[in-house]
1. Looking at residue 92, is it out of contact with any helix residue (DSSP H, G or I) (no Cβ under 8 Å at 6 or more places or on another chain), not in a loop (DSSP other than H, G, I, E, B) and not assigned by TED's automatic domain parsing to the domain that holds residue 1?
2. Go through (1) in contact with a helix residue (DSSP H, G or I) (Cβ under 8 Å, 6 or more places away or on another chain); (2) modelled with pLDDT under 95 and name the single condition residue 50 misses.
3. Taking residue 130 as the residue in question, decide whether it is over 30 Å from residue 22 (Cα atoms) and not assigned by TED's automatic domain parsing to the domain that holds residue 18.
4. Looking at the stretch 56-80, which of its residues are part of a strand (DSSP E or B) and either surrounded by 13 or more Cβ atoms within 10 Å (Cβ to Cβ) or at pLDDT below 95 (or both)?
5. Is there any pair linking a residue in the stretch 28-50 that is farther than 25 Å from residue 116 by Cα to one that is assigned to a loop (DSSP other than H, G, I, E, B) and modelled with pLDDT under 95, with Cβ under 7 Å and at least six apart or on different chains, and which?
6. Mind listing whichever residues of the stretch 117-134 are loosely packed, with under 12 Cβ neighbours inside 10 Å and in contact (Cβ under 8 Å) with a residue 12 or more places away in the chain?
7. Can you find a residue in the stretch 37-55 that is over 21 Å from residue 128 (Cβ atoms) and assigned to a loop (DSSP other than H, G, I, E, B)?
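The values are calculated or read from the model by the stated rules, or taken from the named source; none is laboratory data. Being a predicted model, the structure only gives us computed values, none of them experimental. Positions of Cβ are backbone-derived with ideal geometry, glycine not excepted, and every protein chain shown enters the neighbour counts.
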């Protein structure tokens, strides 16, 4: 959103609004300013959620696995989970064949007990906006 539009929306003039933005960046509240890209136009419109289970829970294994998975560019989100799934990945690719390549790279990273892949059929809601009412 342009600075002028943001300033108007929050009821400030542009200069004080800019100072607040800079303060939020300095405090680490604003971590980055980014451009949101259209996955379909970049030919990565297929989203795959990958649940990984392992029977290894030592730090050496976890560090190796996390480092290797973080280096796979198609993995755009990566979480350590509670419950039956140990790790959850969101992967973006152009098609199933490209996902199969990612899968083969994934299973080379470390010893895994189970890998389960679910393909998203439709993106119903997607946002990077966070609720700010709790701040």
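1. Yes; evaluated as a whole, the condition is true for this residue.
2. (2)
3. No; evaluated as a whole, the condition is false for this residue.
4. Once the filter is applied, which keeps residues that are part of a strand (DSSP E or B) and either surrounded by 13 or more Cβ atoms within 10 Å (Cβ to Cβ) or at pLDDT below 95 (or both), the stretch 56-80 yields 75, 76, 78.
5. Close Cβ pairs satisfying both conditions: 36/128.
6. 118, 123, 128
7. Yes: one or more hits.
For every residue, the table says whether it meets (1) more than 20 Å from the chain's Cα centre (by Cα); (2) farther than 20 Å from residue 65 by Cβ; (3) assigned to a loop (DSSP other than H, G, I, E, B); (4) modelled with pLDDT of 95 or more.
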residue: 82; (1), (2), (3), (4): no, no, yes, yes
residue: 85; (1), (2), (3), (4): no, no, yes, yes
residue: 99; (1), (2), (3), (4): no, no, no, yes
residue: 103; (1), (2), (3), (4): no, no, no, yes
residue: 106; (1), (2), (3), (4): no, no, no, yes
residue: 117; (1), (2), (3), (4): no, no, no, yes
residue: 121; (1), (2), (3), (4): no, yes, yes, yes
residue: 126; (1), (2), (3), (4): no, yes, yes, no
residue: 134; (1), (2), (3), (4): yes, yes, yes, no
